Amino acid sequence: MSLTWLPATILVLVIGLVVVATFAVQGSWWAEENPAASSDQKAPDGSSMLTDAGFDYANVEGIVRVRIGEGALPADQLGMGADVEKSAQFRRPVRAVIAGRDDVYVIDDTAALTATTQDGELASVAVTLDSPGTWFDALAHVRALAPTVGWNEEQVTALDEELARFNRDGTEDAFTATVGPSDGGAQVTAQLLFHRDGGTTLVTLVFEPGR
């Protein structure tokens with residue numbers, strides 16, 4: 001008996017499966033242009049749930065929203081435990097909107113976020129910027145943020161002295177320089193992680209409750 005029909009049948013089956021999968025994706029939440037957030041994706045106050053589902057929604061919407069300090073929801077209402085850490089690496093750079101009391105900080109090109117809770121409250125939110133560049137790129141970014149965040153020029157300028165001291169006396173492969181914390185609705189500290197090999201510098205902004 002001839003089996004020459006078999007490859008064609010398999011091909012038809014594969015095409016059918018692809019068509020079914022395509023319709024399934026088109027009808028899914030991920031394919032919606034402006035999907036509505038569910039209760040496990042957004043908290044009652046509109047901030048992002050700090051869970052896998054919440055970060056999935058941030059990936060689609062392109063924005064992650066967090067309130068810290070006065071007026072912030074307790075950890076359990078954000079999907080977190082009392083004393084835990086939760087991290088997310090976004091699929092594409094997103095905008096982080098961090099609220100502290102009456103101040104709102106908008107950080108574009110956020111690649112990752114780490115939230116930490118203590119005693120049932122959100123204790124810190126760290127956002128890491130996308131695409132690490134040179135030390136000078138990082139310094140320019142920090143300098144541009146300074147007027148909004150509340151760091152002064154002397155604090156930023158002092159970073160060059162720290163780098164020179166590390167290059168002269170340091171033996172490690174990397175070092176971290178910091179600016180801040182600022183004194184506002186949130187306390188904001190910049191951490192610049194400089195790698196001696198290649199000179200790439202990663203910038204992370206740490207938000208803590210304001211005093």
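Here the spin labels are modelled as points 7 Å beyond Cα on the Cα-Cβ line, and at Arg196 and Asp108 they lie 3.6 nm apart. Stretched out straight at 0.36 nm per residue, the stretch from Arg143 to Asp183 would grow longer than its current Cα-Cα span by 12.7 nm. Put a dot 7 Å past the Cα of Ala158, heading toward its Cβ, do the same for Ile63, and the two dots end up 3.6 nm apart. Since only Phe194, Phe207, Val142 are under comparison, the one whose Cα sits farthest along the positive direction of the charge dipole of region 110-211, derived from C-beta charges on Lys, Arg, Asp and Glu, is Val142. With a simple spin-label model that places each label point 7 Å from the Cα along the Cα-to-Cβ direction, the separation between Val84 and Asp130 comes to 2.8 nm.
Rolling a 1.4 Å probe over the protein heavy atoms gives region 104-158 an accessible area of 46 Å² per residue.
The values are calculated or read from the model by the stated rules, or taken from the named source; none is laboratory data. Since the structure is predicted, the reported quantities are computational estimates derived from the model, not experimental observations. Cβ sites come from the backbone with ideal geometry, for glycine too, and all protein chains shown count toward neighbours. Ligands, DNA and RNA are excluded from the accessible area calculation, which covers all protein heavy atoms including side chains. Shrake-Rupley method; radii C 1.70, N 1.55, O 1.52, S 1.80 Å.
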